[in-house]
Amino acid sequence: MKNETEKKYYIVELRWTGPDQTGAKYVDYDRYEITTAAPRNTSGNIQLSGWMGRDGFVARYAHGEYVTLTAADYAVVGLLEGEFRRYDGCRFHGYGAVVAMYRPGKYPPMCDGFLEECVLMAAKNNVVSIPREFTSWDQVKLVVRDLRDAFNRDGYDAPASRIGDALMRVIDAPIK
């Protein structure tokens, strides 16, 4: 007979699907939570795998049931397939608690406003050598790579495409 006091752990993935995905409030929203409450779909039924529906602008996915926290941790690390940030949970919801949370990426992503400010400061303070005029896209790629490396050293990250867009807006210089 199953021990009724045996605690189970569940993995729930949450993804922001709404507007303002690169704004300060939602740029780092996506996460995997390990919880002691069985995940429920939008109908209120327990669901252990697959898409569970949306809660407003948040898409929810279930990724299984685990007997130990260690097994659930390993499963999340496998789902993320790379770099991530782990936080110990301390938030209660529903019938259980979030005991751990993982966010994708080694560094927190930069929101658009902060990214533009950092690109501007890097240009003004000569953190990265930014020419007055770009003569090729290869030159832009090198500057974007150097900026991303500088942001990583400070503990932040942004996709190269967003860094390039911010760079073009900040320096306001066309490529010749």
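The values are calculated or read from the model by the stated rules, or taken from the named source; none is laboratory data. These numbers were taken from a predicted model, which means no experiment stands behind them. When we count neighbours, we look across all protein chains shown, and the Cβ atoms used for this are built from the backbone with ideal geometry, even at glycine.
Within the set Ala160, Ala166, Ala150, the sole residue that is outside the structural domain of Val27 (by TED's automatic domain parsing), in contact with a helix residue (DSSP H, G or I) (Cβ under 7 Å, 6 or more places away or on another chain), more than 23 Å from Tyr26 (Cβ to Cβ) and touching a residue at least 12 places away in the same chain (Cβ under 8 Å) turns out to be Ala150. Taking strands (runs of 3 or more DSSP E) as the structural unit, those lying wholly within region 22-68 and holding at least 1 residues that are of a type in the set (Phe, Trp, Tyr) and surrounded by fewer than 19 Cβ atoms within 10 Å (Cβ to Cβ) correspond to 49-55, 58-66. Please verify whether Tyr10 is at pLDDT 95 or above, touching an Asp or Glu at 6+ places or on another chain (Cβ under 7 Å) and buried (at least 17 other Cβ atoms within 10 Å of the Cβ), treating the condition exactly as stated. Judged against the criteria, Tyr10 is a match.
The numbered conditions (1) modelled with pLDDT of 90 or more; (2) under 27 Å from Tyr26 (Cβ atoms) are all true for Val143 except (2). Every condition in (1) more than 30 Å from Thr35 (Cα to Cα); (2) modelled with pLDDT of 85 or more; (3) not aliphatic (A, V, I, L, M) is met by Pro174 except one, and the failing one is (2).
Scanning region 69-81 for residues that are touching a residue at least 24 places away in the same chain (Cβ under 8 Å) and assigned to a loop (DSSP other than H, G, I, E, B) yields a count of 0. Here Arg86 meets each of (1) touching a strand residue (DSSP E or B) at 6+ places or on another chain (Cβ under 6 Å); (2) under 28 Å from Pro19 (Cα atoms); (3) crowded, with 17+ Cβ neighbours inside 10 Å with one exception, condition (3). Pull up region 119-159, narrow it to residues that are surrounded by 13 or more Cβ atoms within 10 Å (Cβ to Cβ) and among the small types (Gly, Ala, Ser), then point me to the one that is farthest from Arg85 (Cα to Cα). Within region 119-159, the match that is farthest from Arg85 (Cα to Cα) is Ala123. Screening region 15-65 for residues that are of a type in the set (Phe, Trp, Tyr) and in contact (Cβ under 8 Å) with a residue 40 or more places away in the chain and picking the one that is farthest from Arg85 (Cα to Cα) gives Phe57.
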